[in-house]
Structures are given as structure tokens and as C-alpha cells.
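Following: one structure in C-alpha cells, then a few remarks.
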Amino acid sequence: MDNLENYTKEFSRAVRETKECRDFQKAARVYAADSAAQKLMDDFQMAQQELAILREGNFSGQVEAQEKYNLLLEQVRNNTPINDLAEARKKMAAMVGELALAISNDIGFPFTLPPKKGCGCSG
């Protein structure tokens, strides 16, 4: 097991050195240092939740909540730190997914179970 732990540390170091990981870490630092971007994201998520609750309960105020959500969504779409972090996270997740698939294929044991038939998840 010690050998496997050493290989895991080596593998983790190699992952940290990838462009995807470095870009993600940089984007995360920039976002963490931007309190306005964090507040915007918090406000957007609250508006998203409020709109979902109003819709689910068929409560009044949906039009106003939708307008607020749309306004904040546009601001989020135009916020560089938020978008850079989202893009970097997406690329990092794709890389990790590819690595997991490669390891799964190499050892002949899936890390995740395939979707059940009939779930509507595949063609």
C-alpha cells in the first residue's frame, strides 16, 4: 500500500501541474479576492432560489422575481471573475473525468456505475 500511496501523491502532483489545474487555481484566487463578484453570485443564487419557490408553489410575484433573476443573470454573464472560474472549473472537471475514465478502462473496474436502462439518460 505504501507504493500506491507514493504513486497517488506523484499522480496528484502531476495533476496540480497541468494547465487546467493551474488555470482553475488562478481563477479561484481571483474570484476569492473579488468581494463584488462573490456578492453578485450570492444575490443571483438567492434570486434563482426565490424564483424556483414561487414557481413551484404557483405564488404571486413570479414576474418580478423573473425580472430580478434576468437582470442578475445578465450581470453574472458579464462578470469576468465568475465566468473565468466557471470555465476553468468546467475544463478541470472534464480533465478529471477523462482521467477517471482512463483509469477505469485500464484497471477494468468502473469508478461510477453506468446509467440504468430506461432512465432517459442515453440515446
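What follows draws every value from the coordinates through simple rules; no lab data is involved. In this text, all values refer to a predicted model and were calculated from it rather than measured experimentally. Methodologically, a virtual Cβ is constructed for each residue, glycine included, from the backbone with ideal geometry; neighbour enumeration extends over all protein chains shown.
As an exercise, identify the chymotrypsin sites (Phe, Trp or Tyr not before Pro) in the range 1-59 lying in DSSP coil whose Cβ has no more than 16 other Cβ atoms within 10 Å.
Here the sparse-neighbourhood loop sites are F59.
Could you pull out the longest piece of the chain with no exposed loop trypsin sites (Lys or Arg not before Pro) in it, calling a site exposed if DSSP puts it outside H, G, I, E, B and it has at most 10 other Cβ atoms within 10 Å?
Formally, the longest exposed-site-free interval is 1-115.
For the range 1-104, what does the equivalent ellipsoid look like in terms of its semi-axes, each the square root of 5 times an eigenvalue of the Cα gyration tensor, given largest first in whole Å?
38, 17, 11
Go through A65, A47, M1 and say which Cα lies farthest out towards the positive end of the charge dipole of the chain; charges sit on Cβ, +1 for Lys and Arg, -1 for Asp and Glu.
M1
Check cross-link reach from K26 to the lysines: straight Cα distance under 20 Å, and skip same-chain residues fewer than eight apart.
The reachable lysines, counting only those whose Cα sits under 20 Å from K26, are K39, K90, K91.
Let me spell out the model: positive unit charges on the Cβ of Lys and Arg, negative unit charges on the Cβ of Asp and Glu, origin at the Cα centre of the chain. What dipole size does that give, in debye rounded to 20?
Rounded to the nearest 20 debye, it is 220 debye.
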